[in-house]
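The values are calculated or read from the model by the stated rules, or taken from the named source; none is laboratory data. On a predicted model such as this, the values are computed, not experimentally measured, just so you know. Every residue, glycine among them, receives a Cβ derived from its backbone with ideal geometry; neighbour counts consider all protein chains shown. To get the accessible areas, we keep the full protein, side chains included, count just its heavy atoms, and leave off ligands, DNA and RNA. Shrake-Rupley method; radii C 1.70, N 1.55, O 1.52, S 1.80 Å.
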Amino acid sequence: MIHIRKIEETLRPLRESLLNHRIYGEMDRLDVLRLFMEHHVFAVWDFMSLLKVLQRQLCCVGVPWMIPSDPQACRLVNLIVLAEESDDDGRGGVASHFELYHRSMKQCGADTSGIDGFLSDLRRGVPVLTALESPAVPEAARRFVEKTFEIIESGNLCAVASAFTFGREGLLPDVFQRIVDKLNTQAGGKLDYFKYYLERHIGLDGEEHGPLATRLVLSLCGSDESLCKIAEETAASCLAARQKLWDGIYEAANGKGVTSGATEE
């Protein structure tokens, strides 16, 4: 665990900066929260992309079936995939956490055209980096996803696991959930789906998936100093990318004339 503690110590000031970011002081209006979601949904999507890389590399997903080379790592990934890709949707069905987020956007009136157009391009076979060039994709979100896919395309499994583990939604502070609760009351329940998403995804991250992902990093890196260094550097770069994403959302909010302290529209 000494390597994990070292990574966490390195990340501490970066995490604190994110948890105290000025964007949270702007999110006392539903229109700013919508803007946040229109950017953040891309981070929710590429989080799943990181997970599927781990599943593809550590679990057998092809035919003929073969015994996974690392059964422990395989189990850890499959446990995470089960809920992230097919969780209880709170309405008697099942849905991925991305789908829960997308439903949240629809319910509160956020614009889904950016993410919908991006996914439509991917279904037609357009490469990720090309699809990101669409003017409908927010600039800050594009840069964030580009960084994620730089890590994916490196082919280094420890780097991917580190990005998945340390760049998670635990980076949303408690004050964010209080803001959502208050806005939901003001908006007459338009954020019910989003509240459920936060409870499920962030709750699972902290209580179950976070510890499982940490064990996965330990399993993959072992005592190899070079791999641990890669994990540490990747984690720091992911938090720096998240900082830029938050900065971009803040700038976009202020560019639209949103002012802190305003009331619900």
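Some values worked out for this structure:
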item: Rg and Dmax [Cα atoms of segment 1-141; Å; Rg one decimal, Dmax integer]; result: 18.2, 53
item: Highest-MSF residue in the chain out of 203, 189, 93 [GNM, Cα springs under 10 Å]; result: 93
item: Listed residues 209, 160, 177: farthest to the positive end of the dipole of segment 160-231 (Cβ charges); result: 177
item: Degrees, to the nearest 10: 174-186 long Cα axis against longest axis of the chain; result: 40 degrees
item: For the chain, calculated [θ]222 nm from helices alone, where every DSSP H run of n ≥ 4 adds -39500 (n - 2.57); result: -22000 deg cm²/dmol
item: The chain - charge dipole about Cα centre, Lys and Arg +1 at Cβ, Asp and Glu -1, debye rounded to 20; result: 80 debye
item: Alpha carbon centroid spacing (whole Å) that separates segment 107-166 from segment 1-54; result: 15 Å
item: 32 Å tail of the calculated P(r), the chain, as % of Cα pairs; result: 22 percent
item: Unsatisfied cross-links (Cα-Cα over 27 Å) in the set 106/182; 6/195; 147/182; 52/147; 52/244; result: 6/195; 147/182
item: All aspartates and glutamates inside 15 Å of residue 229 as judged from Cα atoms, apart from same-chain residues fewer than 8 positions distant; result: 8, 9
item: Crossing angle, helix 210-221 versus the chain [Cα axis fit, 0-90 degrees, rounded to tens]; result: 40 degrees
item: Net charge of Cβ neighbours under 13 Å - reference residue 225; Lys, Arg +1; Asp, Glu -1; result: -1
item: Length added when fully stretched, residue 63-residue 49, from 0.36 nm per residue minus Cα-Cα; result: 2.9 nm
item: Environment charge at residue 16 (Cβ cut-off 14 Å; Lys +1, Arg +1, Asp -1, Glu -1); result: +1
item: Cα→Cβ-extended label distance, 7 Å offset, between residue 226 and residue 106, nm; result: 4.9 nm
item: Helix 30-58 axis, angle to the chain major axis (alpha carbon atoms, nearest 10°); result: 10 degrees
item: Heavy-atom surface of segment 100-193, accessible at 1.4 Å and reported per residue (Å²); result: 43 Å²
item: Cβ-defined net charge surrounding residue 90, 12 Å radius [Lys, Arg +1; Asp, Glu -1]; result: -2
item: Separation of the residue 215 and residue 243 label points, Cα + 7 Å toward Cβ, nm; result: 3.2 nm
